[in-house]
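Let me begin by presenting the structure, written as structure tokens, before commenting on it.
Read-outs throughout are calculated quantities, based only on the coordinates presented, and are distinct from any laboratory measurement. It should be emphasised that the depicted structure is a prediction, and the values quoted were computed from it without experimental measurement. Using ideal geometry, Cβ is built from the backbone for each residue, glycine included, and neighbour counts are taken over all protein chains shown.
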Amino acid sequence: MKTVKTEEAIGMVIGHDITEIVPGEFKGVAFKKGHVIREEDVERLLRIGKENIYVMELKENEIHEDQAAIALGSLVCGDGVYYSEPSEGKINIMAEDKGLLKIDKELLYDINDLGELCLATIHGDRIIEKDELIGGCRVIPLTISKDKLDKAKGVLKHQKPFIEVKPFKALKIGLIVTASEVYKGRIKDKFGPVIAKKVKAFGLQITMKTITPDELEIIKKTILQYKEEGAELIIVTGGMSVDPDDKTPGAIKATGAQIISYGTPVLPGAMLLMAYLGDVPILGLPGCVMFAHNTAFDLLLPRIFAGEKIVRRDIIKMGYGGQCLKCNVCNFPNCPFGKC
Ligand SMILES: Nc1nc2c(c(=O)[nH]1)N[C@H]1C(S)=C(S)[C@@H](COP(=O)(O)OP(=O)(O)OC[C@H]3O[C@@H](n4cnc5c(N)ncnc54)[C@H](O)[C@@H]3O)O[C@H]1N2
Ligand code: MOO
């Protein structure tokens, strides 16, 4: 450590805690060890009586924790993500806008495996709101060798920053409600309003809606017609299980769509069907989507709206974390449901 005149110490790092006492008002640490002295700190330091202070001397290859946190943040934060000013060596990572949070877990593990660096996040593949906290990073010691940051750069050399928020696209949505009991007026449609509410959470609306009886040919024809009319997502509700009147999976298949999965390892939502007709995603939704708080549908929807192509492995992996705990107060997506 070396002694420096306070006025000349701007940008330097305080070498020990500095206590301030204002009788009847305050006694405590005014500046912590490791604090980088700013222009506005000088007056307060002088008021505490510190005309000279001990500052840490960084070796040529050393970097202070605040700068290291910023450097790490700029390495890992990609599109749609920003980070705060450092405070006590830590930065917070936040979403610039609402969207789908993407985090490459393996790269996060590799960074943390370097030691002395700490990067913690929430789970990815979920909806995130503007300015919502995604995670934080810091270095463990007060100073760190530049080599360590070079190693982190090495890990990410051929990768883009791996924490990002993808914006949602304004997809044109076609909804087909299959239920003879609704079609014939025996009961009111309760499924359509649930889907409308769920897509509204993404700022979207149902563009086309038809109620059909449980008849394979009619359902198939309606799907093909919606595709023709430019639907970018087709949702078909009901008729997804094992009764003789459950025609939806057969109708989707009959359109020539590629079935990614009929059945998802998610409870509730096990009977969900995911398919693609060309590049248009088709979702066959089972009855549980109508009454359960959150299902496999809520896990897939943010990814589909962010324009991600869902592959079979995505569906398979949903089994880990795929059991909803049906909590009395639902905190989804801030809960284990769907976090694989
Ligand atoms: N033996 C088995 N039974 C069931 C299975 C199974 O694997 N084996 N799976 C269960 C699961 S899990 C679910 S989820 C449901 C799936 O139901 P469906 O998608 O086939 O739904 P429906 O049979 O068409 O209808 C069920 C229920 O919901 C009412 N409904 C349907 N659509 C509407 C609408 N638009 N508005 C109002 N009400 C609607 C319908 O009248 C029925 O009461 O299957 C389990 N069974
Ligand atoms: O599709 Mo049903 O879970 O699984 O209620």
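Here are the numbers for this structure:
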item	result
Residue tally, condition within 16 Å of ligand 2 (Cβ to nearest atom) and over 17 Å from the mean Cα position of the chain (by Cα), over the range 298-315	1
Tally of residues being within 8 Å of ligand 2 (Cβ to nearest atom) and more than 19 Å from Asp245 (Cβ to Cβ) across the range 271-297	3
Residue, nearest to ligand 2 (Cβ to nearest atom), within the range 180-191, restricted to residues that are part of a loop (DSSP other than H, G, I, E, B) and out of contact with any strand residue (DSSP E or B) (no Cβ under 7 Å at 6 or more places or on another chain)	Lys190
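Residues checked against (1) over 11 Å from the mean Cα position of the chain (by Cα); (2) of a type in the set (Val, Ile, Thr):
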site	(1), (2)
Glu96	yes, no
Leu101	no, no
Leu108	yes, no
Ile111	yes, yes
Cys118	yes, no
His123	no, no
Ile128	no, yes
Glu132	no, no
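Conditions tested, residue by residue: (1) of a type outside the set (Lys, Arg); (2) touching a strand residue (DSSP E or B) at 6+ places or on another chain (Cβ under 9 Å); (3) free of Cβ contacts under 8 Å to residues at least 24 places away in the same chain; (4) not in a strand (DSSP E or B).
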{"site": "Asp79", "(1), (2), (3), (4)": "yes, yes, no, yes"}
{"site": "Glu85", "(1), (2), (3), (4)": "yes, yes, yes, yes"}
{"site": "Asn92", "(1), (2), (3), (4)": "yes, yes, no, no"}
{"site": "Leu101", "(1), (2), (3), (4)": "yes, yes, no, no"}
{"site": "Ala120", "(1), (2), (3), (4)": "yes, yes, yes, no"}
